1. Give the peptides 135-143, 175-183 in descending order of average Cβ contacts within 10 Å, highest first.
2. How far is helix 330-340 tilted, in degrees, relative to the longest principal axis of the Cα atoms in the chain, given as a value from 0 to 90 rounded to the nearest 10?
3. Name the long-range amide H neighbours of Leu364: under 5 Å, sequence gap of 5 or more, or other chain; modelled H, no Pro or chain starts.
4. Please order Thr266, Thr316, Thr294 by the number of other Cβ within 10 Å, starting at the fewest.
5. What Cys residues in the chain have no fellow cysteine's beta-carbon under 4.7 angstrom?
6. Give me the percent relative contact order of the chain, please, defined on Cα pairs under 8 angstrom at least 6 residues apart.
7. So if a site counts as exposed when it's one of the GluC sites (Glu not before Pro), its DSSP state isn't H, G, I, E or B, and it has at most 15 other Cβ atoms within 10 Å, what's the longest stretch of the chain without one?
8. Any chance you could check the Cα centroid distance between region 117-196 and region 54-91 for me, in angstrom?
Amino acid sequence: MQGRHILLGVSGGIAAYKSADLVRRLIEQGAEVQVVMTHAAQQFVTATTFQALSGRAVRTELWDAAAEAAMGHIELARWAELVLIAPASADCLARLAQGLADDLLSTLCLASAAPLAVAPAMNHLMWSHPATQANVAVLARRGVQLLGPAVGDQACGENGPGRMLEPHEIVARVAQLLPVHGPLEGRRVLVTAGPTREGIDPVRFVSNRSSGKMGFAVAQAMHEAGAEVVLVTGPVCLDAPPGVSRIDVESCEQMHAAVQRELPGTAIFIGTAAVADYRPMCCAEQKIKKRSDTLTLDMMRTPDILAGVSARPAATRPFVVGFAAETQTVEQNAHDKLLAKNLDLIAANEVGHTKAFDTEENALLVLWRGGRAELPHASKLALARALTRIIIERYLACEAARAMPADPACAGVSAPAAGAASTSAGASTSTSTSASTSAPPPARGTLAASS
Ligand code: C5P
């Protein structure tokens, strides 16, 4: 944590006394800690305690002209590499969930692009209250990292969930949450994940078995590589990886709209979502009654989100990665899709009963124009990290090609037809790479494709 900037928000709760120890431990790890206290927090611990431990004047007011002159609140929000609120009271969580900005801490949380982590601490009934749980769910969906609470004895004499994690536990989690300075720093990556739901009537839909695990793992791996990651996901039972911005959608139409909205400024687009290819022609306004023995649904094609991104003009086209879930002739089908959708890279896997969808593990075949890599069976996160290394290598190669005459290996640089013609024969042979061996991937990159 040497030299890393942590903004520690302290809200009003008896656990605030433990935050003094938390500051001491963070400083011991080499972090620079700026404490911001709410008014209620100052009822429990004085600002002087935190100032002595952090070596910095504690900030408490939004309207403090002298403090603002030294470092304005927007500047402070930018300074933070991680915003940590410990303890986070029930009121603090509710205010964050609502997006209020009427005091310094809440304003900083809105104004900072840094990841936000909260360590809740409150009476167990307050924690279990549906209102608090709803607020926590909203925050989790937004990518806010929840640290605890722990279950145990409480200051009020009762027992249950609501104890703040111990300072050493929080420090360990903070170390994992600090943004990584990786090769994709300053680059925006847009990932789609999960299934889509296409409405039949108000209570029924057409969908598929995708769990979203692969897409969420890809989002995490891209974040670990330093990227700013936006994850557009269909309905799944997963929390957003820490530091990843999440947008929830249901249907292909909604996913398409969210992708179009989020695309500007995107360097890499990765379509891992299992998007429905067809949707019912219309969604009945009322629940369809079972009046006959058979029911015929008229379906129509949905927009191909991935192909749409890939077809953008070169100036606004990101590096485009697709996924192919195939039940047979995986390599041929994936290769055809790479060319047909003019992708820069495709990750293919075999799907079927117990294979790939809704499982913890998977294996991938990665194809690009002029190369291939086999990523053997592993956890989805290990695979996502290996895939990320290949994507970064190919992305950097194509970035270099943009600055130079056309490289036929880059779909966004060369004309699609020329790229397809010149590489279709060579894709599986010319620079064939197996990630299970230590053979390095082709030229211009520095990263090995291994899981
Ligand atoms: O053609 P197929 O559906 O097999 O292509 C799979 C790839 O295309 C995946 O990357 C998936 O996310 C994307 N896709 C899409 N929009 C669709 C259908 C598929 O983005 N309507």
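1. Packing order, densest peptide first, comes out as 135-143, 175-183.
2. 90 degrees
3. Leu375
4. Thr294, Thr316, Thr266
5. By the Cβ distance rule, which asks for a partner under 4.7 Å, the isolated cysteines are Cys92, Cys109, Cys156, Cys237, Cys252, Cys282, Cys283.
6. It rounds to 10 percent for the chain.
7. 186-284
8. Comparing the Cα centres of region 117-196 and region 54-91, I get a distance of 20 Å.
Here, each number is a calculation from the coordinates, and none is a lab measurement. Quick caveat, the model's predicted, so the values are computed rather than measured. Backbone-built Cβ (ideal geometry, glycine too); neighbour counts: all protein chains shown.
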